[in-house]
């Protein structure tokens, strides 16, 4: 199936976060080189500071968040592009009134999340 | 620079298409495994049937289009997820009143576009 709606993808709770869900839009089985996922963090929720072994390529779809990447703090919103290199500590805090939603693509490589907080 | 606005990325005309522009949001130099681009096709514009040597992982951001993937024809709109395997002929026709905009990520592998029409 080459075309689908993101709303039809399974919604999985992200245990490392709070009020955070994830949907696999294009899986690492379907995409030979990388996967596309959609995350949604409800207002007040977030992901604690952590590292991954793979990079993240992200586009913000809606809402606002305060994110840290390394030592930098950013406020991001719709249409912001975010690149998080492999191994760099990062965190998310959903702020504002609507869910913070973003696309996050990752390569088909081994990954391990390490919580730092 | 880890966070940017897509509107700040250079806009390049796509010569293989009509009324079609492309912005590199995360380049193959920055992303070690894949690149993220944003395409926009004005109403009435499109891309003729063609093949690429790499797969496309896409998310529709706005507008509507009639696309073909292999022998299938789809009408796609905001929030549709599109996977186009490497080597499969595909085309785009922007329909409706607003620009058809979508994210298209591709692996950092050699690619050649071949126009079939």
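Can you tell me which residue is farthest from residue B:111 (Cα to Cα) among those in the range B:61-73 that are buried (at least 16 other Cβ atoms within 10 Å of the Cβ) and facing chain A (nearest Cβ under 9 Å)?
B:61
When you scan the range A:80-103, how many residues do you find that are buried (at least 16 other Cβ atoms within 10 Å of the Cβ) and without any contact (Cβ under 8 Å) to a residue 40 or more places away in the chain? I'd like the intermediate steps shown before the answer.
Residues of the range A:80-103 that are buried (at least 16 other Cβ atoms within 10 Å of the Cβ), as a first pass: A:80-86, A:88-95, A:99-103.
Within this subset, residues satisfying the condition of being without any contact (Cβ under 8 Å) to a residue 40 or more places away in the chain are A:80-86, A:88.
Number satisfying all stated conditions: 8.
Residue check: is residue A:54 crowded, with 18+ Cβ neighbours inside 10 Å and outside any strand (DSSP E or B)?
Working: crowded, with 18+ Cβ neighbours inside 10 Å: yes; outside any strand (DSSP E or B): yes.
Yes: the conditions hold for residue A:54.
Need the failing condition index for residue B:78 against (1) at the interface with chain A (Cβ under 10 Å from one of its Cβ atoms); (2) within 13 Å of the chain's Cα centre (by Cα), just the number.
Single failed check for residue B:78: (2).
Within the range A:23-51, count every residue that is part of a loop (DSSP other than H, G, I, E, B) and more than 10 Å from every other protein chain (Cβ to nearest Cβ).
Qualifying residue count, the range A:23-51: 2.
Would you mind telling me which numbered condition in (1) away from chain A (no Cβ under 11 Å); (2) within 19 Å of residue A:36 (Cβ to Cβ) residue B:55 fails?
It fails just one condition, (1).
Can you name the condition, by its number, that residue B:73 falls short on among (1) closer than 19 Å to residue B:11 by Cβ; (2) out of contact with any strand residue (DSSP E or B) (no Cβ under 6 Å at 6 or more places or on another chain)?
(1)
Applying the selection to the range A:1-22, what residues are buried (at least 17 other Cβ atoms within 10 Å of the Cβ), within 8 Å of another protein chain (Cβ to nearest Cβ) and outside any strand (DSSP E or B)?
Listed by number, the residues that qualify are A:2, A:6, A:9.
Out of the strands (runs of 3 or more DSSP E) lying entirely within the range A:64-104, which hold 1 or more residues that are within 23 Å of residue B:23 (Cβ to Cβ)? Steps first, please.
Working: elements: A:64-69, A:72-77, A:80-84, A:90-95.
Fully inside the range A:64-104 and qualifying: A:64-69, A:72-77, A:80-84.
Taken together, the values in this text are just the output of simple stated rules run on the coordinates, not laboratory data. Please read all numbers here as calculations on a predicted model, not as lab measurements. We place every Cβ from the backbone using ideal geometry, glycine too, and count neighbours over all the protein chains shown.
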